[in-house]
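Enquirer: Quick one: this structure, given as structure tokens, is what I'll be asking you about.
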Amino acid sequence: MDWRYDKEILDLLAPYERNFICAELSRPLSYYERRIDAIGFNQKSDVLDVACGIGQWTIALAKGNKQAVGIDISSIRLTVAKHLVKNMGVTNITLRWADMNTLPFEDKSFDAIFCYGALMFGNIPKTLCEFARVLRPCGRLYTNVNGYGWYMHLLLNRAYPERNIRLAMNTLGMVGRLLLCKQGMIPLSRRRIRRWLRDAGFTVIHMGADGSYAAEFHRESPIYPPKHYGFPGVIEILAELEGDGDV
């Protein structure tokens, strides 16, 4: 199914976001549905899409589940998401503003949590504990983070050739936060994210390059390359909450 939206809605966005969203919607809904199906996020009662952006993943989640909730801190992106959901005729989605570091939901509210492209921008240990709190026993989490290779890509393939000083400073700032032992907006290693997941009460089922789990089932092309300059780029994680969900 093709996406149905009025192109005028994109005028609400800054050029960077407009280009990013056009790239996201260049993939058909079926692509997102197949990736959701591959990780087993279907036939559930309640699923949560954290940092849902314009809602393309939320719509895919809603197609295979009873109810999907999408949250984001960008009011403009939520406006675009509401427009897209309405135009696509999806009725089992709730969209609301919320911060992933302090989720406005009761304990054990969801069967699964999906968080694509955003976890590394929060206080990761705190956010993972919030995920564990609102998940039901044995609930599943799918998320991803930026590895060291992604930041090398930003510096060497984008900031330097484009003479983009702002991007270079932002990227170096994230590396600096890592050196200062900060917990958010930093490059991540598999070892560190695995430790934080364990501390929050999760067991890792899969950890690999973006789209690698779906590729085992549907031969899908990943959104991001697996490595840059020999270092991991975007790392995806599928995990399950242990025990009864108490952390």
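The values are calculated or read from the model by the stated rules, or taken from the named source; none is laboratory data. Remember, it's a predicted structure, so these values are computed and weren't measured experimentally. Here the Cβ is made from the backbone with ideal geometry for all residues, glycine too, and neighbour counts use every protein chain on show.
Enquirer: Are any of the residues in segment 106-123 surrounded by fewer than 21 Cβ atoms within 10 Å (Cβ to Cβ), of a type outside the set (A, V, I, L, M, F, W, C) and over 30 Å from residue 64 (Cβ atoms)?
Expert: Checking segment 106-123: at least one residue is surrounded by fewer than 21 Cβ atoms within 10 Å (Cβ to Cβ), of a type outside the set (A, V, I, L, M, F, W, C) and over 30 Å from residue 64 (Cβ atoms).
Enquirer: Let me ask something else about it. Mind checking whether some residue in segment 27-43 is more than 23 Å from residue 127 (Cα to Cα), aromatic (Phe, Trp, Tyr) and loosely packed, with under 15 Cβ neighbours inside 10 Å?
Expert: no
Enquirer: Let me ask you something else. Are any of the residues in segment 62-81 under 21 Å from residue 209 (Cβ atoms) and either at pLDDT 90 or above or touching a strand residue (DSSP E or B) at 6+ places or on another chain (Cβ under 7 Å) (or both)?
Expert: no
Enquirer: Sticking with this structure for a sec: Any residue in segment 34-45 that is farther than 15 Å from residue 222 by Cα and at pLDDT 95 or above sitting within a Cβ distance under 8 Å of a residue that is aliphatic (A, V, I, L, M) and not in a helix (DSSP H, G or I)? List the pairs, counting only those 6 or more apart or interchain.
Expert: So the pair list comes out as 41/47; 41/112; 44/112.
Enquirer: Given the condition modelled with pLDDT of 90 or more, farther than 29 Å from residue 112 by Cα and buried (at least 18 other Cβ atoms within 10 Å of the Cβ), answer yes or no: does some residue in segment 228-241 qualify?
Expert: Taking every residue of segment 228-241 in turn, at least one turns out to be modelled with pLDDT of 90 or more, farther than 29 Å from residue 112 by Cα and buried (at least 18 other Cβ atoms within 10 Å of the Cβ).
Enquirer: While we're on this one: With the condition kept exactly as written, say whether any residue in segment 196-209 is charged (D, E, K, R), at pLDDT 95 or above and part of a helix (DSSP H, G or I).
Expert: The answer is yes, given that some residue of segment 196-209 is charged (D, E, K, R), at pLDDT 95 or above and part of a helix (DSSP H, G or I).
Enquirer: Restricting attention to segment 193-207, which residues are within 15 Å of residue 145 (Cβ to Cβ) and in contact with a helix residue (DSSP H, G or I) (Cβ under 9 Å, 6 or more places away or on another chain)?
Expert: Listed by number, the residues that qualify are 193, 196, 197, 200, 202, 204, 206, 207.
Enquirer: Output the residue which, of all residues in segment 142-176 that are at pLDDT 85 or above and of a type in the set (Val, Ile, Thr), is surrounded by the fewest Cβ atoms within 10 Å (Cβ to Cβ).
Expert: Among those that are at pLDDT 85 or above and of a type in the set (Val, Ile, Thr), it is 165.
Enquirer: Here's something else I'd like to know. Six or more apart or on different chains, Cβ under 6 Å: which pairs go from a residue in segment 71-91 that's closer than 22 Å to residue 112 by Cβ to one that's in a helix (DSSP H, G or I)? Could you list them?
Expert: Sorted first by the residue in segment 71-91, then by its partner, the pairs are 72/78; 88/59; 90/59; 90/62.
Enquirer: If you scan segment 197-217, which residues turn out to be farther than 22 Å from residue 230 by Cα and exposed (fewer than 14 other Cβ atoms within 10 Å of the Cβ)?
Expert: 199, 203, 216, 217
Enquirer: Can residue 139 be described as out of contact with any Pro (no Cβ under 7 Å at 6 or more places or on another chain), within 26 Å of residue 38 (Cβ to Cβ) and modelled with pLDDT under 90?
Expert: No: the conditions fail for residue 139.
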